Amino acid sequence: MAQKRKTSGTDSKPTAVRRIIAKYGGQTRAIIPILQDIQDRERWLSSQVLEEVARELDVPLAHVYSVATFYKSLSLEPRGRHICTVCMGTACHVRGGTAILEHFERRLRIRAGQTSPDREYTLERVNCLGACALAPLVVADGRYYSQMTESKANAVLETLGRRSERPHRNPSGAGRRR
């Protein structure tokens, strides 16, 4: 009978991946939330992490890779601590989405699809966020910002920068998402 996982001197200490898998009872059908939780923690899914998930769930590595590459929300590349997504759907494009995207590129000094060298920011361009009445739309760290302008973009980046500098200080709790 084949062993489920290899044993070594480091196996006695549970890894973050093992703890996350245990949270879902080691069930293969929970592979998507497992990968999401790992990505939330690590900000991306490395090949080593995918191999460990495959080994721990006792599934082929090809299956884990197919799930990780199928969903756009999962990334096999390092992502920034802050994710800025600019909508380029028809309504957003017509209402100035291109100028907004270019403004983010200039301010962050990266192109859409890139992560800053310090891994603070990832800038994404999407075809549609499905909220056309809010155009042009930007999503920054999961928060929607409607009728975006360059001055509003500056304010969003300033807010994200402040959060980067003081991630644990917000005594009032204002602006926090949980």
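Where a number appears in this text, it was derived from the coordinates with a stated rule and is not lab data. Keep in mind it's a predicted model, so treat the numbers as computed, not measured. Cβ sites come from the backbone with ideal geometry, for glycine too, and all protein chains shown count toward neighbours.
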- Using 0.36 nm per residue of separation minus the Cα-Cα distance, give me the extension gain between GLU42 and GLN114 in nm, one decimal. 24.2 nm
- Item | Length-normalised contact order of segment 82-165 in % [C-alpha pairs under 8 Å, at least 6 apart] | 37
- Task: Determine the principal axes of the Cα atoms in segment 16-70, then give the extent along each, sorted from largest to smallest and rounded to whole angstroms.
- Result: 23, 23, 17
- Task: Report, by chain and number, residues whose modeled amide H sits under 5 Å from the one on ALA140, excluding near sequence neighbours (fewer than 5 apart, same chain).
- Result: THR85, TYR145
- Residue by residue, what Karplus-based ³J(HN,Hα) values in Hz, rounded to whole numbers, does segment 83-100 have, using 6.51, -1.76 and 1.60 with θ = phi - 60° and x for Gly and Pro? 10, 10, 10, 10, 7, 10, x, 3, 4, 5, 4, 5, 8, x, x, 4, 5, 5
- Message: Whole angstrom only: what separates the Cα centroid of segment 102-131 from the Cα centroid of segment 16-86?
- Response: 22
- Task: Using a cut-off of 12 Å between beta-carbons, work out the net charge of the residues near LEU76 (Lys and Arg +1, Asp and Glu -1, LEU76 not included).
- Result: +1
- Note on the structure: Stretched fully, the stretch from LEU61 through ALA133 gains (0.36 nm per residue minus C-alpha distance, one decimal, in nm) 21.7 nm
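Say R0 is 25 Å: what FRET efficiency, to the nearest 0.05, do THR98 and ASP141 get from their beta-carbon distance?
Numbers: r = 22 Å, r/R0 = 0.90.
So the FRET efficiency works out to roughly 0.65.
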